[in-house]
1. With respect to Phe25, determine if the residue is under 30 Å from Lys119 (Cβ atoms) and hydrophobic (A, V, I, L, M, F, W, C).
2. Hey, among His379, His408, His436, which residue is touching a strand residue (DSSP E or B) at 6+ places or on another chain (Cβ under 7 Å) and not assigned by the TED database to the domain that holds Glu318?
3. I'm checking my understanding of the structure. Among residues of the range 1-45 that are under 52 Å from the mean Cα position of the chain (by Cα) and of a type in the set (Lys, Arg), which one is nearest to Phe64 (Cα to Cα)?
4. Taking the range 201-220 as the region of interest, how many residues are in a loop (DSSP other than H, G, I, E, B) and either farther than 13 Å from Lys294 by Cα or polar (S, T, N, Q) (or both)?
5. For the range 290-341, which positions are of a type in the set (Ser, Thr, Tyr) and outside any loop (DSSP other than H, G, I, E, B)?
6. Under the condition of being over 23 Å from Tyr455 (Cα atoms) and out of contact with any Asp or Glu (no Cβ under 8 Å at 6 or more places or on another chain), which residue from the range 385-423 is surrounded by the fewest Cβ atoms within 10 Å (Cβ to Cβ)?
7. Any residue at all in the range 155-176 that is of a type in the set (Ser, Thr, Tyr) and either farther than 26 Å from Val232 by Cβ or crowded, with 18+ Cβ neighbours inside 10 Å (or both)?
8. Among the residues of the range 253-268, which ones are of a type outside the set (Val, Ile, Thr) and either touching a His at 6+ places or on another chain (Cβ under 8 Å) or surrounded by 11 or more Cβ atoms within 10 Å (Cβ to Cβ) (or both)?
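The values are calculated or read from the model by the stated rules, or taken from the named source; none is laboratory data. Not measured: the values here are computed from a predicted model. Neighbour counts run over all protein chains shown; Cβ positions are idealised from the backbone, glycine included.
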Amino acid sequence: YFSRVIKLLTESDSAKDLFGLIEQFSANELKNILKSDPLINEIKTTEYVKVFFEAPLADVKNSFKKYLETNVFNTVDFNISKDDETYGMSGFLNGANPKKTFLLHQSTYFASNIRVNRKDASNLFLFENLLKNKKVPYTFPIFIDKRELNLDVLRIFSEDKTLTYREIIRKLLDKHRPDMTNYYLINWTFDNGIVINDFDYVDKFDYEMRDFQIYNVMNLPNTPSLVHITNVFDFEFIIVRKIFNNHLIVKTKKETIIFKYFDSPDPKYTPSVYMDNILRYRKSFYDYIYKSRKNAITQEILKKIILSHIAYEITKDEINNGYHTKTTIIKELLNILFAVLNYFKNSKSSITLGEINMASFIPEHQEKIRKLFNETEYHIQSDTEFAFDAGQLINYILRQSKAGNKTHALIEPFISKNDPAQFKIAITRAINTYKHSFEFRSGRFEKLASEVLAYQTSTSINDLLPVLLAGYFSDSLIFEKSNKNNNEKEQTNV
């Protein structure tokens with residue numbers, strides 16, 4: 001060790017004399033001092049003793065710099081010289097394994113596909129130490145030509161290592177909002193070594209989201225009538241977390257938040273439909289939120305994900321003490337679905353919700369059904385009215401089932417039909433199945449059924465499904481103004 005170190009020192013180095021004294025002390029006195037200390041007997045064979053010597057900081061830095069310059073490359077076997085500068089293989093996430101056949105490139109004509117100069121290799125070495133010692137958060141930006149911003153990132157994190165990336169960004173925005181451009185975003189973790197999950201360039205970070213509102217259109221109890229989504233982190237925590245039912249963005253019992261954009265989902269705890277969507281779309285959500293890639297998430301993607309999750313929750317519904325176990329999560333997802341359909345407008349979508357006032361969406365359709373019941377000359381006027389009314393009709397039909405377990409899964413044969421004609425055939429068959437139960441009902445059922453079955457549309461049921469489900473999960477107006485006491489037993493909480 002000493003013979004190797006002495007080669008790094010020149011006659012002019014002020015540390016050379018001190019190093020000579022340390023060498024003499026270590027050879028002649030250190031062992032005896034250790035043996036005389038009674039604590040030495042308590043040290044395990046797997047432990048070791050650290051000995052520190054007082055030395056000027058400048059000497060320590062200078063010696064380390066020289067050591068690094070000499071040993072910064074992984075191996076000298078791949079070093080080349082060009083323009084009076086040496087290029088070699090950095091040890092950062094890199095390895096020279098000439099004896100490991102299966103790790104070698106067998107078909108290439110070159111031994112190494114990347115070499116860096118000593119300065120870059122030294123910086124990578126220092127960067128690796130920052131990661132190993134967890135001096136930077138697991139997600140952090142590296143701003144190009146903005147030293148003050150980079151120092152602020154390290155300062156903010158060093159003051160409180162519990163801060164998440166979103167909290168660090170908010171602090172940076174308070175001071176550097178116009179400068180949040182032109183940076184590299186790194187997401188990393190430590191799993192038997194450093195793992196770089198993602199490294200990408202971000203041209204500009206768009207933090208704010210405008211005119212994004214979630215209305216409680218499904219009339220959920222103990223739920224605000226309106227929630228404003230003002231920024232991408234609200235979108236992540238309120239919208240994305242709920243869409244994936246706490247499987248992607250996890251809120252623990254201790255109120256901590258775990259982001260699983262790059263984790264491996266556990267099939268033991270993650271239903272297959274959620275796992276499929278997480279694996280397929282999690283990178284899109286990450287890019288949309290953290291890199292402001294506005295084309296990463298579209299209306300169609302969100303609609304597909306949410307409807308697939310609603311369909312899954314419908315199949316898992318049970319009756320517990322007279323209440324459906326999945327009604328709340330389904331209605332929450334419907335509230336979110338209407339919000340994202342309205343915000344992520346898509347000209348190709350068959351349903352245009354841009355001009356619909358979501359705050360009054362359900363009341364307006366309910367009022368149209370009342371008009372349908374009370375006015376002989378009034379008929380269904382639009383596809384959305386047809387879909388909402390069909391949902392109300394299916395709700396009423398399924399209430400007539402004599403099955404002991406009338407779960408929401410009974411709606412599956414209807415919503416699985418994409419063709420409007422096949423959809424209406426399914427309704428007709430259901431009416432025939434339960435026709436004995438309709439004999440003494442009022443004319444509301446007959447009017448609603450005749451209007452739904454007579455309405456002609458070329459729009460697919462899948463495109464109308466959000467409104468159809470809204471109709472199904474809304475209060476049934478066929479029972480309105482009836483004797484509530486007589487109907488309470490019929491109206492299982494939906």
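1. Spelling it out, it is not the case that Phe25 is under 30 Å from Lys119 (Cβ atoms) and hydrophobic (A, V, I, L, M, F, W, C).
2. Only one candidate passes the filter, namely His408.
3. Among them, the one singled out is Arg4.
4. So the count comes out to 5.
5. Tyr290, Ser308, Tyr312, Thr315, Tyr323, Thr327, Thr328
6. Gly404
7. Checked against the condition, which is being of a type in the set (Ser, Thr, Tyr) and either farther than 26 Å from Val232 by Cβ or crowded, with 18+ Cβ neighbours inside 10 Å (or both), the range 155-176 yields at least one hit.
8. Scanning the range 253-268 gives Phe259, Lys260, Tyr261, Phe262, Asp263, Pro265.
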